[in-house]
Amino acid sequence: MRTFKFILCIHRILGTVLSVLFLMWFLSGFVMMYHTYPSLTEQQRMAHAEPLTANHSEAPTANRPDAPSVMYESALPIQHPPHLSALSLQQVAGRPVVTMTDSIGERLYDARTGRPIQRFSASELLTIASQWQSSAAPPPLLLDTLGEIDIWLIGAMPFNEYPIYHYALNDGRGSELYLSSRTGRALQLTDSRSRFWAWVGAIPHWIYITKLRATGRQPWTDTVLWLSGLGILMTLSGIVVGLRSMFLARRRRKSTASIITPYKKTLFRWHHILGLCFGLFVLTWIFSGFMSLADAPQLLWPVRGQHSARDIYADSLQPSTFTLSTQRLLQSDNIKRVEWIEMGHRPYYRVWTAEETYLVDASDSTARRVTLSADDCGRIVKTAIHHDTPLRTEMLTSYDNYYVSQHQKLTLPACRVTVDDGDGSTFYINPQTADCRYYNDNRRAGKWLYTGLHALNTPFFARHPVLRQVVMWMLLLGGTAVSLTGLLLAVGYLRRKLR
């Protein structure tokens, strides 16, 4: 009896504190089914980027020891760092810019002169912002230069991009654009519609509070984990109380109306019945929300090797192996960005246009598009990581349990490379772009514990999106009803205590 009273006390106190939060989570969950937090994709950026051209004639003039000398003809650093991990070329504010990443960090250089680029000027950023609207429209209006994060930059976490230039675009939709002064990169684009839906959906649902994210991700992560952890405890205690009350009702009452719930007051009865019907869903939903920020326990799903999707690419680029010059590559029209990558000891260019992304073989002097075969993908994984470990390759033409998307964002076909390494390592490689996703046993468990439970992200529901919406609406309505009756009970409880 004392144990039950203690559990009841926990449920009552936590329910009083968290009922408003739970109601907010469920109501915003309806919105999240259709509208999420605004964010920019790379393809959107490429649609508004300047095209690269191959007819720049300026020769390199800077050959300082503290900066690599870069010739635009090949856009490759002659004195590149010894551990060059990433290299790309893009036209920014009228000049070709090479972006290099090594152990020190990311640095930008003018590809014609080799001079380092520290910041883009206000006039250059205005030129970039103008590319996001019609050429006939008035110039964008600078609203602010930000030295700290605001509510629409939380998803981008641009802690090394300040000052950030915030523009209002003249496109008739109330669009606002955020540009990094360090890279000229568009960090965020919102309009009146996306901002409205974010305020009633993603921002309250994810507890996006600017002050929590001002200095980093960890304070916000800790806050959400603590709140959802207390929510799990509240829901578990409620299930225990609800089941015990039902058993007591069955034992003490004989009438048909009283065999489920012993409560006589209408609000108590409804909260009890709804909790019995939807309590398990509420528990799995809040638990899966907790797992969105937590890793699956290593104790239950241990892994021996720590790998990632990035591992299929070479750790250190060797620019000398790229035989195909960018001058020849850029003879194609409308190329917006070029990235150097090495996989399986072979060099490739990853090329972005406004419409598509594709691979080009860089090992000879002829520009030739490449589509990776299943054998290519297996060789890449074996060369990069699992040299002597058996593996299997398969070209997927439909989603499986882990390579799946509700809105068809993941392209098919995709190559699945399964490695017999004891961790269940599996790589999903896009044959057109070489984009990669990686899973092991621990990540697979985490996937089910988060998106599987929270958003019903499975191949079955991907094939039946209307059914998924019906099921989600039913569950969310049930969770909302449980939370609303709990909130009303909490208000009554507080009134009684205040008297």
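The values are calculated or read from the model by the stated rules, or taken from the named source; none is laboratory data. Computed from a predicted model, the values in this text were never measured in an experiment. All Cβ positions, glycine included, derive from the backbone under ideal geometry; neighbour counts span all protein chains shown. Just the protein is used for accessible areas: all its heavy atoms, side chains included, with ligands, DNA and RNA removed. Shrake-Rupley method; radii C 1.70, N 1.55, O 1.52, S 1.80 Å.
Selection within region 76-105: residues that are modelled with pLDDT under 90, buried (at least 18 other Cβ atoms within 10 Å of the Cβ) and of a type outside the set (A, V, I, L, M). The member of this set that is nearest to ASN334 (Cα to Cα) is PRO77. Restricting attention to region 398-424, the residues being open to solvent by 60 Å² or more (accessible area, probe 1.4 Å) and out of contact with any strand residue (DSSP E or B) (no Cβ under 9 Å at 6 or more places or on another chain) number 6.
For region 186-211, filtered to residues that are modelled with pLDDT of 95 or more and charged (D, E, K, R), the residue that is nearest to the chain's Cα centre (by Cα) is ARG195. Kindly indicate whether any position in region 367-382 is closer than 30 Å to MET32 by Cβ and either open to solvent by 60 Å² or more (accessible area, probe 1.4 Å) or hydrophobic (A, V, I, L, M, F, W, C) (or both). Checked region 367-382: no residue is closer than 30 Å to MET32 by Cβ and either open to solvent by 60 Å² or more (accessible area, probe 1.4 Å) or hydrophobic (A, V, I, L, M, F, W, C) (or both).
Being outside any strand (DSSP E or B) and buried (at least 21 other Cβ atoms within 10 Å of the Cβ) is the filter here, so list the residues in region 157-184 that pass it. If the condition is that a residue be outside any strand (DSSP E or B) and buried (at least 21 other Cβ atoms within 10 Å of the Cβ), then LEU169, GLY184 are the ones that fit. Report yes if ILE232 is touching a Leu at 6+ places or on another chain (Cβ under 9 Å), farther than 30 Å from ALA49 by Cβ and open to solvent by less than 70 Å² (accessible area, probe 1.4 Å), otherwise no. So ILE232 fits the description; yes. Screening the candidates GLY289, GLY305 for the property of being small (Gly, Ala, Ser) and part of a helix (DSSP H, G or I) yields one hit, GLY289. Taking ARG495 as the residue in question, decide whether it is in contact with a Phe, Trp or Tyr (Cβ under 9 Å, 6 or more places away or on another chain) and either open to solvent by less than 50 Å² (accessible area, probe 1.4 Å) or not in a loop (DSSP other than H, G, I, E, B) (or both). It is false that ARG495 is in contact with a Phe, Trp or Tyr (Cβ under 9 Å, 6 or more places away or on another chain) and either open to solvent by less than 50 Å² (accessible area, probe 1.4 Å) or not in a loop (DSSP other than H, G, I, E, B) (or both).
If you check VAL470 against the conditions, is it within 21 Å of the chain's Cα centre (by Cα) and on the phi < 0 side of the Ramachandran plot? Here the answer is no, as VAL470 does not meet what is asked.
Considering region 284-300, the residues that are open to solvent by less than 40 Å² (accessible area, probe 1.4 Å) and among the small types (Gly, Ala, Ser) include one that is nearest to THR221 (Cα to Cα), namely ALA294.
Counting the residues of region 142-156 that are open to solvent by 70 Å² or more (accessible area, probe 1.4 Å) and among the hydrophobic types (A, V, I, L, M, F, W, C) gives 2.
Counting residues in region 122-141 that are under 22 Å from HIS48 (Cα atoms), free of Cβ contacts under 8 Å to residues at least 12 places away in the same chain, open to solvent by 70 Å² or more (accessible area, probe 1.4 Å) and assigned to a loop (DSSP other than H, G, I, E, B) gives one or more.
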